[in-house]
Structures are given as structure tokens and as C-alpha cells.
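Working notes, beginning with the structure itself.
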Amino acid sequence: MRKAAVMLGLGLGGALAAWSPGQAAHAPMTPETIPCQVPPGWDQVAAQGAKVVVFGEMHGTREAPAFVGNLACALAAKGERVLVAVEHDAINDDDFQKAWAMPDALFVPALTKAGWAERDDGVGSESMLAMLVALHHEARTGRRIDIVAFSGVKDEGQARQFAQLPGQGPHDAAQAENIRIAAARQPYDHVLVLAGNTHARKRPVTYAPIPFDPMAMRLARSVPVIALNMTSAGGSSWTCELKPGVVAKPHAPNTDADVECAAHPLGKDADLDRAPFIALGSLPGQQPDPDYDGVFWLGPVSASPPAVPAQSPKRTP
């Protein structure tokens, strides 16, 4: 494992253990002496020459945003320019950018006004906010880190552009285009995308009622992409699932009353007593999943609740 060459302003692993949104809303994060670290296996990914790396997560864990945030700040500490793309609504990206330009003390109040109260599905988690708080602090100290909210259509023109695509195709096509446009704005060394693992696939999604081409597959048509699927030792994640006894309606959407957004058990992918790492291909002893180029291993995971109490819960496609 290569450590960052300098001691960073905030080590994400330690920060997440003690951080709460209320704390950040009232005071800027202060520098710690915990270095961000490049995880084992990253060198294999970097050697592929793909500027864009998509991390396909199960939403609502503490560990997935911390992993990506740790990598972003470690790369930035080496002097590299990094864009972190998060699965928040693209229509809120202007507000994300305005918040990003603010000092630490004003960042969280400004950012969380931009759609966070509508996210009870794991995307707007405390861990996601903690990652952005930490990276914003690094950016304010001079690290070359930017963010973009890329999810869904950003305007009516984009909606018309992709309207002919089947099923969830318009949503994922807009995601891909929003990332591509943001990645071209600066000479980024790395674009790190944190998205649900359905969007991170590089082959058509055929298990949906209407098959569609996912975001990473579409994005790879215009820029080189490495797609990594989240793996873990199991635990819990904050997700929206049908309540016990509720049967899915095949021809009608389920209502909010049918769904419970809460901490739910998450099954394990393997029994590995290892710190987080990246591997191209598969975990040791397993077969590669052709939908992805590799995996990122988190170890045990735990649920991260919403950073802002939901007023009108929203679940992403």
C-alpha cells in the first residue's frame, strides 16, 4: 500500500467514525494527522490508463463513500487533479458548485439545501455528506478536487434528447452525458464516480422489466472506463425495501406506504479477513462478473442513515 506523500487535512476513515452532520453545520472540520491512503490494487487500475473509474455501490453504507473519498484525497495529495461524481440529481448541480466555492463553515448548510431532504434511499446518507465535507476541506486547502452531481436529466433539452430510449435508458444516458461533460471541463487525472451498481454495469441490464443500457456502458463508448463492483463481508445498509408482507405490483408502482426506508441486512460476498482493496477481475477464488472490470472490497459494512430527515422520500431508479 502506498501512503500519501504528506499528512492530509482529514483522514476520512477517522473522520467518519466521529463525524455528525450537526457538528459540521456549526463549525468547520479541523485538520487531523491521519493520512489518506491509496488502497492496495489501485496501481493495477491506474495502469489500465482509464481516466474514469466507476465504483458501483450498494447505497447506504458508511464504508463505500469513505473508500472513494479516501482514494480521492490520497490522489489529490500527490498533486493530481480529481473529479468526484456523486449520484445526486443533476438539476441540483449548480447549487452543489456554489456550495463548493464557500468556506468550510458555510458548506454544509448550503449543500444540504440542494435536494438532500428528498433522499431517504441511501444516496443522501451521513456518510456521503461526510465524504463531501472532508473533500471540500481538502479543496479549500489547495487540493485540486472538484465534484459534480450527475444523476438524471438536467434540463428539458436533455430529456428530449434521450426520450426515445427504452425503460430506464433516458435516466442512465443522461447520467453518462453529465459525467462526460463534467470530465471534459478540466484536465482531470482521475474521474471517480460513485453510483449504484446497476448504473456501473458495462453490459445491458436485462433483468429489468424493460432492458436498458446502463450509465457505465454508455459512458465507455466515449471515454475509457473501469467499472468496479462493491463487495463486502456483509452487515447492513440503509435502503428502501418493500415492507414485510407487501407483494410487488408488476404493472403498477408501489406507494410510499408499501416501502420502508431503514437499515436492512446486507449479505456477504466472501469471507476475507483483509483491509479494503481493489482487484481487477474478481475476489480470490471467485469467477469474474462480466458486467464489471473488477471489484472493490470493503470488509464489514454498516448502515448510514440520511444526513437530512426526509420530507418527501425519493428512491432512485
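Among the residues of the range 114-136, those that are assigned to a loop (DSSP other than H, G, I, E, B) and surrounded by fewer than 24 Cβ atoms within 10 Å (Cβ to Cβ) comprise Ala114, Gly115, Asp121. Consider Ala74 carefully, then state whether it is out of contact with any helix residue (DSSP H, G or I) (no Cβ under 7 Å at 6 or more places or on another chain) and either of a type in the set (Ser, Thr, Tyr) or crowded, with 24+ Cβ neighbours inside 10 Å (or both). Against the criterion (out of contact with any helix residue (DSSP H, G or I) (no Cβ under 7 Å at 6 or more places or on another chain) and either of a type in the set (Ser, Thr, Tyr) or crowded, with 24+ Cβ neighbours inside 10 Å (or both)), Ala74 qualifies. Going by the conditions given, is Val225 closer than 22 Å to Gly122 by Cβ and of a type in the set (Val, Ile, Thr)? When the stated conditions are applied, Val225 does not pass them. If you go through the range 53-65 and keep only what is aliphatic (A, V, I, L, M) and surrounded by 24 or more Cβ atoms within 10 Å (Cβ to Cβ), you end up with Val53, Val54, Ala64.
Meeting the requirement of 3 or more residues that are within 14 Å of the chain's Cα centre (by Cα), the strands (runs of 3 or more DSSP E) wholly within the range 167-251 are 190-196, 225-231. Asp89 meets the stated requirement of being within 22 Å of Ala174 (Cβ to Cβ), surrounded by fewer than 23 Cβ atoms within 10 Å (Cβ to Cβ) and within 18 Å of the chain's Cα centre (by Cα). Tell me yes or no: at least one residue of the range 214-227 is surrounded by fewer than 16 Cβ atoms within 10 Å (Cβ to Cβ) and farther than 25 Å from His88 by Cα. Checked the range 214-227: no residue is surrounded by fewer than 16 Cβ atoms within 10 Å (Cβ to Cβ) and farther than 25 Å from His88 by Cα. Of everything in the range 152-186, what is surrounded by fewer than 17 Cβ atoms within 10 Å (Cβ to Cβ) and in contact with a Pro (Cβ under 9 Å, 6 or more places away or on another chain)? Give them in sequence order. Across the range 152-186, the qualifying residues are Ala159, Gln161, Ala163, Gln164, Pro166, Gly167. Regarding Asp289, is this residue under 18 Å from Gln44 (Cβ atoms) and either modelled with pLDDT under 95 or in a loop (DSSP other than H, G, I, E, B) (or both)? For Asp289, the condition - under 18 Å from Gln44 (Cβ atoms) and either modelled with pLDDT under 95 or in a loop (DSSP other than H, G, I, E, B) (or both) - is met.
Considering only residues that are touching a strand residue (DSSP E or B) at 6+ places or on another chain (Cβ under 8 Å) and assigned to a helix (DSSP H, G or I), which ones fall in the range 137-155? Across the range 137-155, the qualifying residues are Glu138, Ala139.
The values are calculated or read from the model by the stated rules, or taken from the named source; none is laboratory data. None of these values were measured; they are calculated from a predicted model. Glycine also receives a Cβ, built like all others from the backbone with ideal geometry; neighbour counts cover every protein chain displayed.
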